[in-house]
Amino acid sequence: MTATTSSSAATATPSPLADATRDEASLRRFLHGLPGVDQVGVEQRAAGLGTRSIKKAAKLWAIDTAISMVDLTTLEGADTRGKVRALAAKAMRPDPERSDTPQVAAVCVYPDMVETAVEALRGTGIHVASVATGFPAGRTSREIKLADTKIAVDAGAAEIDMVIDRGAFLEGRYLEVFEEIQAIKAACGSAHLKVILETGELATYDNVRRASWLALLAGGDFIKTSTGKVSPAATLPVTHVMLQAVRDWFVQTGELRGVKPAGGIRTTKDAIKYLVAVHEVAGEQWLNPDLFRFGASSLLNDLLLQRRTQADGHYSGPDYVTVD
């Protein structure tokens with residue numbers, strides 16, 4: 001089977017699953033026909049993988065890999081162009097004293113800050129991501145959601161992080177959610193689409209599995225746990241369920257889709273637990289920034305401190321890294 005990634009034109013459901021999206025009844029039948037999630041089993045497995053220990057050489061590799069997967073994020077009402085430029089500088093040179101430190105994957109901002117981020121990162125290979133669709137609540141009309149997306153894309157965003165309508169999903173209006181994701185995907189043009197499920201509001205692992213598949217069926221390039229504005233945000237068990245979804249999607253369609261846990265991942269120890277889960281649940285090919293990201297702001301600083309510790313053999317205090 002040939003592996004392909006979801007392209008900007010991939011709004012049509014792959015033929016093996018086309019019948020699932022024919023109408024509301026078909027979509028409901030498909031989503032509710034997915035295997036139920038064993039809550040105890042997934043939580044135990046997540047806890048077990050979280051206790052894995054790794055050797056020093058592997059730990060340095062894991063730290064560098066995690067740095068390269070970070071979507072360095074600022075999503076505050078007080079964001080300024082100066083703050084976004086400073087974040088872009090950190091994205092390019094996370095540790096200015098260590099030139100071998102990897103760059104991050106992307107900088108994520110609000111639509112009105114995309115142009116500033118694009119100018120600052122031009123020619124670096126670092127992507128500019130933008131939230132859209134009425135982030136974080138998504139409580140606005142589809143017309144405004146599409147306009148929000150267009151503003152970000154026209155300003156140069158290479159990635160769009162949209163939020164699904166959780167109210168519609170929880171009421172079982174699956175086709176409405178599906179069609180909205182498809183519409184946003186089409187508005188993205190060549191930009192990749194990350195679909196935020198806001199798993200902390202979905203209540204059950206079964207709902208997380210259904211929402212994951214719904215987003216994949218609609219053409220999402222990534223499925224993302226959270227906005228970071230709702231608690232709980234990313235958790236290992238939820239991320240396990242989402243990794244299972246993209247793995248099973250690949251088995252059925254040959255298409256590789258990504259996963260992005262976001263919110264609450266603050267330490268190197270946390271990040272390594274997630275990388276172990278990626279390897280064990282989805283597979284080694286997902287251990288790259290094209291298929292796995294961390295949505296984070298404070299995580300990068302701890303990764304940089306632990307990287308220095310691994311390289312120097314002693315702990316470096318927080319004064320050695322810039323404060324976001």
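The values are calculated or read from the model by the stated rules, or taken from the named source; none is laboratory data. Being a predicted model, the structure only gives us computed values, none of them experimental. All Cβ positions, glycine included, derive from the backbone under ideal geometry; neighbour counts span all protein chains shown. The accessibility values were calculated without ligands, DNA or RNA, using every heavy atom of the protein model including side chains. Shrake-Rupley method; radii C 1.70, N 1.55, O 1.52, S 1.80 Å.
Restricting attention to helices (runs of 4 or more DSSP H) lying wholly within the range 39-129, give those where 1 or more residues are closer than 27 Å to Ala158 by Cα.
56-68, 81-92, 114-121
I want to confirm something. Restricting to the range 160-182 and keeping residues that are charged (D, E, K, R), within 22 Å of the chain's Cα centre (by Cα) and part of a helix (DSSP H, G or I), which single residue is surrounded by the fewest Cβ atoms within 10 Å (Cβ to Cβ)?
If we take residues in the range 160-182 being charged (D, E, K, R), within 22 Å of the chain's Cα centre (by Cα) and part of a helix (DSSP H, G or I), then Glu179 is surrounded by the fewest Cβ atoms within 10 Å (Cβ to Cβ).
Looking only at the range 93-105, filter to residues that are polar (S, T, N, Q) and within 23 Å of the chain's Cα centre (by Cα); which one of those is least open to solvent (accessible area, probe 1.4 Å)?
Only one residue fits best here, namely Thr101.
Of the residues that sit in the range 137-152 and are open to solvent by 40 Å² or more (accessible area, probe 1.4 Å) and not charged (D, E, K, R), which one is nearest to the chain's Cα centre (by Cα)?
If we take residues in the range 137-152 being open to solvent by 40 Å² or more (accessible area, probe 1.4 Å) and not charged (D, E, K, R), then Ala137 is nearest to the chain's Cα centre (by Cα).
Return the residues of the range 259-282 that are in a helix (DSSP H, G or I), charged (D, E, K, R) and crowded, with 19+ Cβ neighbours inside 10 Å; say none if nothing qualifies.
Matches in the range 259-282: Asp270, Lys273.
State all residues of the range 121-130 that are open to solvent by less than 40 Å² (accessible area, probe 1.4 Å) and out of contact with any strand residue (DSSP E or B) (no Cβ under 8 Å at 6 or more places or on another chain); if no residue qualifies, say none.
Result: Thr124, single match.
If I ask for residues that are under 15 Å from Met113 (Cα atoms), surrounded by fewer than 17 Cβ atoms within 10 Å (Cβ to Cβ) and touching a Lys or Arg at 6+ places or on another chain (Cβ under 9 Å), which ones from the range 47-92 would you list?
Matches in the range 47-92: Glu76 only.
All but one of (1) over 20 Å from Leu197 (Cβ atoms); (2) open to solvent by less than 40 Å² (accessible area, probe 1.4 Å); (3) small (Gly, Ala, Ser) hold for Ser298, so report the exception by its number.
(2)
Mind checking which pairs have a first residue in the range 177-197 that is on the phi > 0 side of the Ramachandran plot and a second that is at pLDDT below 95 and open to solvent by 10 Å² or more (accessible area, probe 1.4 Å), Cβ under 7 Å, 6 or more apart or different chains?
Going by the 7 Å Cβ cut-off, the qualifying pairs are Gly189/Ser8.
Quick test for you: out of Thr227, Thr239, pick the one residue that is polar (S, T, N, Q), assigned to a loop (DSSP other than H, G, I, E, B) and either within 22 Å of Asp38 (Cα to Cα) or in contact (Cβ under 8 Å) with a residue 60 or more places away in the chain (or both).
After ruling out the rest, the residue left standing is Thr227.
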